[in-house]
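Before any comments, here is the structure.
The values are calculated or read from the model by the stated rules, or taken from the named source; none is laboratory data. Since the model is a prediction, treat every value here as computed from it, not as a measurement. Here the Cβ positions follow ideal geometry from the backbone for every residue, glycine too, while neighbour counts run over all protein chains shown.
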Amino acid sequence: MSARPAVAVTGLGLVSPLGTGLDATWAGLLAGVSAAATDSLLEGLPVDFCCAVPDFDADALLGRALAWRLEPYAQMALVAARQAVADAGLDPASWDGARVAVVLGVGGTSTRHFDKQFKQFAAERHDRVSPLFIPRCLTNLAAGEISGDLRAFGPSLSVSTACASGATAIGLGRDLLLSGSCDIAVVGGAESGRSRATSVGFSRMGALSTRVGAPAEASRPFDADRDGFVLGEGAGILVLERADEARARGARVHGHVAGFGASADAYHFTTPDPEGRGTELATRTALADAGMTASDIGHVNAHGTATQLGDEAEAAMLGRVFPHAPPVTATKSLTGHALGASGALEAAFTLLALAHRRVPATANLDRVDAAAGELDLVVDKPRDVTAGAALSTSFGFGGQNAALVLTAA
């Protein structure tokens, strides 16, 4: 496969458990302290903690009427999209909206809304069910809200590949640009796992950490004592443009999406292939798409959920594909797992690391699991790097895999 043109990232918008905006999020990444804390919304549940976005006032940011009709994940998506477009120096009032596409990755929606509405169903109070019940359940509504808010009349797509959704959306947005289907692509992911239904569901699967007495120590990717992931939430939005057109308009460029790979494990509906064959295919495809070899990669932002099987499979794959052992970080140790938003958040984190030439450390990594012993894991403090290319991996239920090769500006 010959390399395709890299696509420029001219805008970034972040709403994360580390803060809202690039500066707050980057400061949180460098501080290296997990955002996990006990959450009153989850009070009384077997797992009563998560990584919530702090001080997110949707009424103030969006106006009360708009915030009222949107689910939290859609609120965050819209705030991040506005940030990203402003960061790109673009004005929706003056652009050609017919040439602007929106691609948003969403793994699941409306779980907080479900909590409320199903109580009405259970009590046979059908007249109390919200008239917004159906719209707030649709996975495409956040993308539609972004399109309407930004007057983006081009393709408006929603992608659902579980926890790979955000990364998949970035890859598909790049494809739309390179195909000539649009001139600007607003892409990324949004999701909120902060709900009672989501917590109970993942808890019943045995997927969540149960460190209820020490939530900040619960997310432990690649640690021998890990016991599951921590729910998170947020939105990460990128503005993509063809690199030559970004240069021509004098845009500030955060970096480039140089390669994208996607694959399926075709193995099990929730359990990853223990040999990591599907994840390896996605990673090698992304490298080939970028016209690079494994040795060109200077660091990896791993999917690293802190589940037993997931971390083992990913560590094995990274060891095979990258024998030169580039530095590896796992930022879910800080943010928790934002599910369908995680791939977009971590792509943005990787671009920030490339721009600052510093890789954030993995938190709570006290005793490296034997299966990850060959990886050069970044621990204790951020590490300075010089290489201009990095990999961000995202994997999800259904055997969904996505990998992005990102390069510095």
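Screening residue 303 on (1) more than 24 Å from residue 31 (Cα to Cα); (2) of a type outside the set (D, E, K, R); (3) part of a loop (DSSP other than H, G, I, E, B) shows it passes everything except condition (1).
Okay, residues lined up against (1) surrounded by 21 or more Cβ atoms within 10 Å (Cβ to Cβ); (2) closer than 22 Å to residue 56 by Cβ; (3) modelled with pLDDT under 95:
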residue	(1), (2), (3)
183	no, no, no
190	yes, yes, no
198	yes, yes, yes
221	yes, no, no
225	no, no, no
229	yes, yes, no
233	yes, yes, no
236	yes, yes, no
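Does residue 260 satisfy being hydrophobic (A, V, I, L, M, F, W, C) and surrounded by 24 or more Cβ atoms within 10 Å (Cβ to Cβ)? Considered against the rule, which asks whether it is hydrophobic (A, V, I, L, M, F, W, C) and surrounded by 24 or more Cβ atoms within 10 Å (Cβ to Cβ), residue 260 comes out as yes. For the stretch 139-222, the helices (runs of 4 or more DSSP H) that sit wholly inside it and include 3 or more residues that are within 16 Å of the chain's Cα centre (by Cα) are 165-179.
For every residue, the table says whether it meets (1) closer than 28 Å to residue 134 by Cα; (2) of a type in the set (Gly, Ala, Ser); (3) buried (at least 17 other Cβ atoms within 10 Å of the Cβ).
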{"position": "46", "(1), (2), (3)": "no, no, no"}
{"position": "51", "(1), (2), (3)": "yes, no, yes"}
{"position": "56", "(1), (2), (3)": "yes, no, yes"}
{"position": "63", "(1), (2), (3)": "yes, yes, no"}
{"position": "70", "(1), (2), (3)": "yes, no, yes"}
{"position": "80", "(1), (2), (3)": "yes, yes, yes"}
{"position": "90", "(1), (2), (3)": "no, no, yes"}
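Residues in the stretch 82-98 that are touching a strand residue (DSSP E or B) at 6+ places or on another chain (Cβ under 6 Å) and either farther than 18 Å from residue 23 by Cβ or acidic (Asp, Glu) (or both): 87 only. Kindly list the number of the only condition in (1) surrounded by fewer than 24 Cβ atoms within 10 Å (Cβ to Cβ); (2) within 21 Å of the chain's Cα centre (by Cα) that fails for residue 266. Here residue 266 clears every test but (2).
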